[in-house]
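So the structure is just underneath, and the comments pick up after that.
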Amino acid sequence: MRKALTLAGTVVNVFLPGVGTLIMGKFASGVVQLGLLLTLWILKVLTFGLAGGLLWPISVAVWLWAVGGGVITYLSLPKDHHKALRY
């Protein structure tokens, strides 16, 4: 179950960074990622894109943090060797 949630969270992070991190149960990181991205998007709108040269790279870095964190979390999960119960 944990592996499925982590995989789902990683896929969601590709489209909605931070939301997938919350799905994985990493609440502090997810809130920070969402907060950063929302703040950056608001600043982009308020500056009519004039600050985009500075804000876009930061947005990409947060996106990479979210997706990369999901992949690392998924790969660090222990392997399930007990898929079939033997009696």
* **Spatially proximal lysines relative to LYS79 (Cα-Cα < 24 Å; intrachain offsets below 8 disregarded)** => LYS3, LYS26
* Length added when fully stretched, LEU64-LEU16, from 0.36 nm per residue minus Cα-Cα -> 16.1 nm
* Modelled label-to-label distance, TRP56 and ARG2, 7 Å Cα→beta-carbon offset: nm? -> 4.0
* Asked: Could you give the angle, 0 to 90 degrees to the nearest 10, between helix 2-15's Cα long axis and the longest principal axis of the Cα atoms of the chain?
  -> 20
* Asked: Can you give the alpha-carbon Rg of the chain over 2.2 N^0.38 Å, where N counts its residues?
  -> 1.37
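Read-outs: derived from the displayed coordinates by stated rules, not from any lab. All values reported here derive from a predicted model rather than from experimental measurement. Every residue, glycine among them, receives a Cβ derived from its backbone with ideal geometry; neighbour counts consider all protein chains shown.
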